[in-house]
1. Can you list the HN-Hα couplings for the range 27-39, worked out from phi with the Karplus curve (6.51, -1.76, 1.60; θ = phi - 60°), rounded to whole Hz and with x for Gly and Pro?
2. Between their Cα atoms, which of Lys59/Lys86; Lys21/Lys86; Lys21/Lys59 are more than 23 Å away from each other?
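Coordinate-derived values only; no laboratory data. Note that the structure is predicted; figures quoted are calculated from it, not measured.
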Amino acid sequence: MEKSVKNTLYKDYQSLIERHKSEVKKSLADYLHISKVGIDEILSAIQCRCFETGTILVKPGQVSYDCCLILKGCVRQYHLQDGVEKTTFFLTPLIDESQ
């Protein structure tokens, strides 16, 4: 993906977070059970990253210490069983952009 396209996507996602900050804060508070100050600290540390469809985020044997907030699209967690992909989980956007 071209750098200018990535920068545009990054800005779009940052504006999406800003537009829905109250919903993001409420969802994080419900999920994490931490103070408003803690949530503000988390939101200030968020780094938006864009991935192309089909990108593998964590490979077998790797450990991920990242936490993700899906803004658009879907992430599928799966494992291989006898050479066949078995889906174990889907991550979908926290915010419903259709509203």
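1. Result, rounded to whole Hz: 5, 5, 5, 5, 7, 9, 6, 10, 5, 4, 5, x, 5.
2. Lys21/Lys86; Lys21/Lys59
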